[in-house]
Structure formats: C-alpha cells, structure tokens
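These notes concern the structure reproduced below.
The values are calculated or read from the model by the stated rules, or taken from the named source; none is laboratory data. Everything numeric in this text was worked out from a predicted model, so none of it was measured. Because the Cβ atoms are built from the backbone with ideal geometry, glycine has one as well, and the counts that use them run over all protein chains shown.
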Amino acid sequence: MARRSRLAAARKAAGLTQEQLAEALKVDRTTPGRWEQGVSPPQAWQRPALARALNVSLAELDDLLVEDLPEVGSDWTTVTPPALDDIEAIELIRRAEISDVGASTMAAVETGADLLCRSYTSTPPAELLVPLRAYRAYTVGLLEGRATLGQRRQLTVTAGWLSLLTAICHIDLHQYRAAALNLEAARTMAVETDEPQLVAWVLETQAWQTLTDGHYRDALEYCQAGRELVTAGTSAHVQLAVQEARASARLELVTDTHRLLEAAAASLDRMGQPEHPEHHFQFDPRKLVGYTATTLAWLGDDHAAAEAAARLAVDQYDVDAIDGRWARRLALARIDLALVLAGADQPDEAVHLTGLALDSGRMVTSNLWRLTELDHRLTGRYGRTADVVDIHDRYIDLHRQLVGTPPRGALGPA
C-alpha cells in the first residue's frame, strides 16, 4: 500500500486534522486517513470540495493524490526478490565455467530460487510473477546445455519449485487457468525427478485452493495423499496436517479435527526451527498457532481455546510488525481473532481488528473469502450499527480494488 504523504502534508498546512477534514467534507471520520494511507482514493465528486478545503486547485490536488514511491525495504518488500538483471550475473558465471552448468552456476540459480520463495510473504503476487517467470525460463534454458544427470535433476527440481510458487501467485490473483497449468508443470517435474517433498507441496497447494473454494472433501483427500508421501517432522507434513484439520473443521468432524491438530503439533516438535521461517516452503512454527485459531473458530466447540489461540497468533506477529515479512500474516491473524470475537458478541474489538486488516495493504484476492466470511458474520449479527456499516463499505471497496467488482449480492448490510 503506497501512501500519499503530500496529501497529508497539504492537510496539515491547511491547519486541519483528519477528523476536521472529514467533518468539512461530510464523510466518515476515517475516510481522510484511508486516502492518505493509500487504501482508497477520493471519489470524483468529492475532489472539488477536497481541493477547496485544502486551498489548492484541482490540478494541484491531482499531484497531491499521486502515491509515494516505495522506499527500499518498506511497504511489501523486505526480503528483496532477485531482480531480472541478476540473471545476467548468473549467465556470466556460467560462461566463466568450463562446463555449461558448473557448481557456481547451480549455486547461483538455487540462491535466486530460494530468495523468491522467501519473498513470497512480503511481495505482491503480481510483482513476484515477473522475476519468477524469468528465473524459471532461465533454469529451463540451462537444461538445453551440457549437464550431468545429477545437474539435470537438480535443475528440474528447481524449475518445479519455481513453477509451484508461480501457481500459488496465480491462485492469489484468482487466475485459475494459469495456476492449474503451473501446478501440473510442478507435479510433472516432481514425479519425473522422484521428489516426494515437491509432490506433497503440490498436493498441499491444491488442498488450500479447494478449501478456499468450499470443496472440503476434496481438500481432505489432497491432504491425506500428501501426508502419505512425506514423514513427520518435515515442513510439508506439518502443513498438510493443519490444512487437513481446517477441512475437517469445516465438515464438523470434531474428533478428527482435534486429532489432526495434535498430529501437526507432534510433527512440528520433530521438525525443529527452520532456518528461514519466511520461506513459503519452510513451516514457520508460529503458523501453527494461527491455523489452530482458524480451525477452532470454524469448529465452534471451544470458544475460550479459539480466542486464546487467536490472541496469541496476533501477539506473536504484532511484536515483529515493523518487519514487513510478517505484516500479511498479522493481518490474517487479526481476521481470525475478529471472526472469533464476532461470534462471541464482542463486536467492538472485532470491528477494530477488521479495520486494521483492511488498512494493512496486504490483502490479496485469495484472502477475500476470509474477509467475506467475517463480513457476513458482522453484518448478520450487528449490521445496523454505524461501525459495522462502515467496515462493510470498506470491505466492498477492497473487493472492488482486487477483483474489479463488488462481491455478488452485496447491496448493503442486513
């Protein structure tokens, strides 16, 4: 989310607080803040009054509304993904070696792929797709040169991981045809190289997609197939267990859900601390708390446990909120806690947390189903209160920004 610092500076120069500007324009008190944070722009009909309030011309206002350029290490990106010109450096390394694919070339390619996987949580998916495609194309191109069988296998596995991450970005953007093609590419490369971890993560990705689409039985089957391929104590095994628990909760399989959460915790105990917890294919131990919160919230059999897990999930990422790697996970943890609180007649805090998630700038299209569920719970229980109406409108705005249209049937709170 790019901010509009010049708009904020102009407001301050006019001697107005955000609340005073909102009152002058007859808009909600949070609206000027959302404009300045880059959450949404002023509507066309609001701009003449805004220009008058700030004592600027409409042309000058247009300049004030231009979003700031992101600073290095700010906004989304903290673990910087490889730039396209990094490929030129790898090519220079390759040409300097005697063989087409030497050890230094292999190491450089794998480093680039690893950085891409580590930058997933902190880079918008549409931006990440650019270097992903370039790195995979370069990796596939290396397969056309002279290489040993071991090097070819290693390159194919790397291309498989890049294809899987590409598919995940497409799922985030609801580009399902491209996602399916890349998932099949990753699966094929995993099978050809007999790489069970890659196959398991392909199945986990399919489980995640089908779970978000509401096909809970299919998600269960994908998770069960994946867990048969890998041993306990691996990132894939933990991830598949918690994903299976979420699907079981949706199916109201109480005993199975708790059993799977226990299996995930036992598997995590055997795994140990990952070197790079921000790496998409290395299970961050803190994620188990968040998944547990989501699962218990859906299951609904133990509100106290669900709330405790949800609060812990928020706290553990909120401590590191200054680190952009965790901002998206913090936003999702806040949604989980809001969902629990909305179901327990604590609407004020639920609305506050929802607003923080909406303002985070970290929501992507594949997160909308979680916001939709939360919006339905809030509007269904408290839809006539002013704060919930405002949150509902902000959710509709975000849906329009990400998808281009409001959610189906969204005419306003009940």
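Exactly one of these conditions fails for residue 182: (1) more than 22 Å from the chain's Cα centre (by Cα); (2) free of Cβ contacts under 8 Å to residues at least 24 places away in the same chain. Give me its number.
So residue 182 meets the others, but not (1).
Consider residue 150 against the criteria (1) assigned to a helix (DSSP H, G or I); (2) touching a Leu at 6+ places or on another chain (Cβ under 8 Å); (3) surrounded by fewer than 21 Cβ atoms within 10 Å (Cβ to Cβ): it satisfies all of them except one. Which criterion is unmet?
(2)
Looking only at region 231-251, count how many residues are surrounded by fewer than 24 Cβ atoms within 10 Å (Cβ to Cβ) and of a type in the set (Lys, Arg).
Adding up the residues that qualify gives 1.
Can you find a residue that is crowded, with 19+ Cβ neighbours inside 10 Å and touching a Ser or Thr at 6+ places or on another chain (Cβ under 7 Å) anywhere in region 35-48?
Looking through region 35-48, none of the residues is crowded, with 19+ Cβ neighbours inside 10 Å and touching a Ser or Thr at 6+ places or on another chain (Cβ under 7 Å).
Name the single residue, out of those in region 85-121 being modelled with pLDDT under 85 and of a type in the set (S, T, N, Q), that is nearest to the chain's Cα centre (by Cα). Can you show your working first?
At the first step, the residues of region 85-121 found to be modelled with pLDDT under 85 are 85-109.
Restricting the remaining residues to those that are of a type in the set (S, T, N, Q) gives 99, 104-105.
On the way: 99: 40, 104: 33, 105: 31 Å.
Filtering region 85-121 for residues that are modelled with pLDDT under 85 and of a type in the set (S, T, N, Q), the one nearest to the chain's Cα centre (by Cα) comes out as 105.
Does region 249-262 contain any residue that is in a helix (DSSP H, G or I), closer than 18 Å to residue 371 by Cβ and not assigned by TED's automatic domain parsing to the domain that holds residue 31? Give the steps one after another, and end with the answer.
In the first step, residues of region 249-262 are kept if they are in a helix (DSSP H, G or I); the result is 249-250, 254-262.
If we keep only those that are closer than 18 Å to residue 371 by Cβ too, we end up with 250.
This time we only want the ones that are not assigned by TED's automatic domain parsing to the domain that holds residue 31, so: 250.
Among the residues of region 249-262, at least one is in a helix (DSSP H, G or I), closer than 18 Å to residue 371 by Cβ and not assigned by TED's automatic domain parsing to the domain that holds residue 31, which makes the answer yes.
Name, by its number, the condition in (1) under 30 Å from residue 325 (Cα atoms); (2) touching a Lys or Arg at 6+ places or on another chain (Cβ under 6 Å); (3) modelled with pLDDT of 75 or more; (4) of a type in the set (Gly, Ala, Ser) that does not hold for residue 22.
(1)
In region 370-383, is there at least one residue being among the β-branched types (Val, Ile, Thr) and modelled with pLDDT under 90?
Going residue by residue through region 370-383, those that are among the β-branched types (Val, Ile, Thr) are 372, 379.
From what is left, the residues that are modelled with pLDDT under 90 are none.
The answer is no, given that none of the residues of region 370-383 is among the β-branched types (Val, Ile, Thr) and modelled with pLDDT under 90.
Looking for something closer than 26 Å to residue 172 by Cα, out of contact with any strand residue (DSSP E or B) (no Cβ under 7 Å at 6 or more places or on another chain), assigned by TED's automatic domain parsing to the domain that holds residue 362 and not aromatic (Phe, Trp, Tyr) - is there at least one such residue anywhere in region 288-307?
Residues of region 288-307 that are closer than 26 Å to residue 172 by Cα, as a first pass: 288-299.
Filter again for out of contact with any strand residue (DSSP E or B) (no Cβ under 7 Å at 6 or more places or on another chain), leaving 288-299.
Checking which are assigned by TED's automatic domain parsing to the domain that holds residue 362 leaves us with none.
Within region 288-307, none of the residues are closer than 26 Å to residue 172 by Cα, out of contact with any strand residue (DSSP E or B) (no Cβ under 7 Å at 6 or more places or on another chain), assigned by TED's automatic domain parsing to the domain that holds residue 362 and not aromatic (Phe, Trp, Tyr).
Would you pick out the residues in region 160-218 that are outside any helix (DSSP H, G or I) and within 18 Å of residue 280 (Cα to Cα)? Spell out the reasoning first.
Of the residues in region 160-218, the ones outside any helix (DSSP H, G or I) are 173-175, 193-195, 213-215.
The answer is 173, 195.
Pairs only if they're at least six apart or on different chains, beta carbon under 7 angstrom, first in region 135-150 and touching a residue at least 40 places away in the same chain (Cβ under 8 Å) and under 22 Å from residue 194 (Cβ atoms), second of a type outside the set (A, V, I, L, M) and surrounded by 12 or more Cβ atoms within 10 Å (Cβ to Cβ); list them, first residue then second.
Matching pairs, first to second residue: 147/100.
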